[in-house]
Each structure stands twice: as structure tokens, then as C-alpha cells.
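Colleague: Sharing a structure here in C-alpha cells format.
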Amino acid sequence: MNTMRTALLLGALTGLLMMIGGLFGGKQGIVIAFVFAMIMNFGSYWFSDKIVLSMYRAQEVSERDAPDLYSLVKNLTLRAGMPMPRVYIVPGDTPNAFATGRNESHAVVAVTEGLLRILERDELEGVLAHELTHIKNKDMLIGSIAATLAGAVMMLASMAKWAALFGVSGDDEDGGGIIGLILMAILAPIAAMMIQMGISRSREYMADEGGARISGKPYGLAGALEKLASVSRAIPMDANPATAHMFIVNPLTARSFANLFSTHPPIEERIERLRAMRQL
């Protein structure tokens with residue numbers, strides 16, 4: 001169901017791009033915006049692991065450095081039939097985790113010091129399995145495709161804004177063209193952002209389900225999410241909004257405005273779904 005939803009949302013984002021490009025610049029406008037957005041997001045996709053790990057001062061650990069954590073990741077990857085990812089620990093008291101890397105062979109799983117301190121073994125196993133599912137489902141690639149399409153839409157909207165400011169109204173001689181450009185410049189980025197959020201939320205539900213199946217303990221992941229949601233509100237994380245979608249729980253939960261445009265589904269719904277799953 002969530003896979004179908006992701007496909008439909010990506011289709012909607014593509015349709016929005018084509019409609020705006022057609023209204024503003026025709027086929028040429030679509031191609032120009034898409035190429036620029038693709039160039040910008042290609043670098044983000046290819047070097048995402050280095051960028052994010054550096055941003056959060058994450059340190060790679062070996063089996064000798066963190067034997068329990070490393071052993072859990074190793075066992076889960078064997079169950080999932082995946083290559084062993086690199087394992088990192090992020091300094092800080094806020095409990096959270098993320099996965100990054102362009103594919104299974106260049107993957108990273110990172111957890112914060114705070115997460116390691118508050119979770120029981122079954123809960124930690126659920127969190128790690130959730131992150132491994134993101135890697136297995138190629139969510140970095142899907143997210144990059146969505147970002148490229150959304151970026152192209154926003155670029156066309158920006159072009160429309162400047163065109164309206166300078167009185168460029170296209171082929172419409174009665175002035176309606178300028179009104180159309182203004183409306184597009186305002187509404188298109190909002191629509192693109194909402195669709196992109198819908199894709200991210202669908203992938204979170206899939207990672208929850210996949211993580212529960214890999215670990216075999218849906219209650220462990222449910223308990224972890226409950227703890228993470230509670231502690232994250234008490235100990236906010238200094239996170240970059242551009243990377244918020246990567247974390248297992250939204251690191252911006254302490255910011256009420258950010259909740260209106262959250263890349264994550266409501267934590268209560270995620271917990272309810274997991275607890276409805278029978279023991280695996």
C-alpha cells in the first residue's frame with residue numbers, strides 16, 4: 001500500500017512539474033528546470049554520507065570500539081541479507097538515529113550517544129532494523145528523485161515570480177498571464193513540499209514495518225519510538241531542517257511550526273501500527 005502511495009506521489013510531483021513547465025516555459029522550461037535540479041541533487045545524493053556525518057560530528061566505530069552495537073548491526077544485516085554498513089556514533093544527549101549512503105555497498109548507520117543510553121536491547125535492535133530497512137528500500141535514491149522533481153518545480157516557481165515582477169505575461173495579452181504566474185509562484189512550492197512530505201511519510205511507515213520484520217520484535221521498535229518521542233521533546237536536538245527527514249524521529253519536534261510541515265508521520269500512529277502487528 002505504501003509502495004503504491006509513493007509511486008502515486010512521485011507521479012503527482014512529475015505531473016506538477018510538467019504542468020508548471022508547460023504553463024511557463026513549455027517543454028524547454030521543463031528540461032532546463034529539471035537539469036538544474038538534477039545537478040544540484042546529484043551531489044547531495046552521491047556525497048550525502050560525508051556531508052551529514054561531518055555536519056553532526058559522527059565518529060566511525062569498529063567492533064573493538066562498540067562491540068554490542070556492532071554485533072547487533074552485524075546480526076541484523078545477516079538476517080536481512082545485506083552487506084555490513086559502516087557504524088557511527090553521534091555525540092549528544094538527544095536520542096535519535098539515521099541511515100545514509102547511496103546504496104547498500106556504501107551505507108552508514110548512525111546512532112546518538114543519547115539513544116544508546118536510554119534504550120533496552122530489544123528497542124535498540126528495532127531502531128537499527130528500521131534504519132537498515134531504509135537502506136534496503138533504497139530510500140536515499142527515492143528521496144533524491146523526489147528532491148530533484150520538487151527542486152525543479154520550485155525553480156520554475158521562482159522563474160515565474162521574477163517574470164511576474166517584470167511584467168512578463170507570456171501569450172496572455174489580457175493580463176491574466178501575470179495573475180497565473182503569481183498564483184503559480186505561491187502555490188507550486190507549497191504543493192511540491194506537501195507531496196515530498198507525503199513520500200517521506202510513506203517511507204517511514206515502510207521502514208517501521210520492515211524493521212519490525214527484520215528484528216522480529218515490533219514491540220521493541222514501538223517502545224523505542226515512545227521513548228524517543230518523549231525524550232526528544234525534553235532534550236531538543238540542534239538539527240539542520242534539511243536533514244530532518246533522515247532521522248527515525250523528527251529532530252525538530254520541539255519547534256511547533258516545524259510540526260506543521262513534518263517529514264514524519266505522527267509518532268502515535270506509528271506506535272499504534274507496530275503494536276497491532278502480531279509477534280513475528
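Colleague: Filter the stretch 207-256 down to the residues that are under 21 Å from G101 (Cβ atoms), polar (S, T, N, Q) and part of a helix (DSSP H, G or I) and list them by number.
Modeller: Those that are under 21 Å from G101 (Cβ atoms), polar (S, T, N, Q) and part of a helix (DSSP H, G or I): S215, T243.
Colleague: To continue, here is another question. Can you find a residue that is buried (at least 18 other Cβ atoms within 10 Å of the Cβ) and under 17 Å from L124 (Cα atoms) anywhere in the stretch 230-240?
Modeller: In the first step, residues of the stretch 230-240 are kept if they are buried (at least 18 other Cβ atoms within 10 Å of the Cβ); the result is 231-232, 237, 239.
Checking which are under 17 Å from L124 (Cα atoms) leaves us with 231-232.
Yes: one or more hits.
Colleague: Residues in the stretch 95-106: is at least one of a type outside the set (D, E), surrounded by fewer than 23 Cβ atoms within 10 Å (Cβ to Cβ) and outside any loop (DSSP other than H, G, I, E, B)? Steps first, please.
Modeller: Keep residues of the stretch 95-106 that are of a type outside the set (D, E), which gives 95-103, 105-106.
Subsequent filtering for residues that are surrounded by fewer than 23 Cβ atoms within 10 Å (Cβ to Cβ) retains 101-103, 105-106.
Narrowing further to those that are outside any loop (DSSP other than H, G, I, E, B): 105-106.
Yes: the stretch 95-106 contains one or more residues that are of a type outside the set (D, E), surrounded by fewer than 23 Cβ atoms within 10 Å (Cβ to Cβ) and outside any loop (DSSP other than H, G, I, E, B).
Colleague: Would you confirm whether any residue within the stretch 198-219 is under 22 Å from Q28 (Cβ atoms) and at pLDDT 65 or above?
Modeller: Taking the stretch 198-219 as the starting set, the residues that turn out to be under 22 Å from Q28 (Cβ atoms) are none.
Looking through the stretch 198-219, none of the residues is under 22 Å from Q28 (Cβ atoms) and at pLDDT 65 or above.
Colleague: Moving on to the next point. Does G126 satisfy the condition of being in contact (Cβ under 8 Å) with a residue 24 or more places away in the chain, surrounded by fewer than 22 Cβ atoms within 10 Å (Cβ to Cβ) and outside any strand (DSSP E or B)?
Modeller: no
Colleague: With the stretch 10-92 as the region, which helices (runs of 4 or more DSSP H) entirely inside it contain at least 3 residues that are out of contact with any Lys or Arg (no Cβ under 9 Å at 6 or more places or on another chain) and at pLDDT below 75? Walk me through it before giving the result.
Modeller: Numbers: elements: 26-46, 48-55, 67-80.
Per the criteria, 26-46.
The values are calculated or read from the model by the stated rules, or taken from the named source; none is laboratory data. From a predicted model like this one, the values you see are computed outputs, not experimental measurements. Glycine gets a Cβ as well: all are built from the backbone with ideal geometry, and neighbour counts include every protein chain shown.
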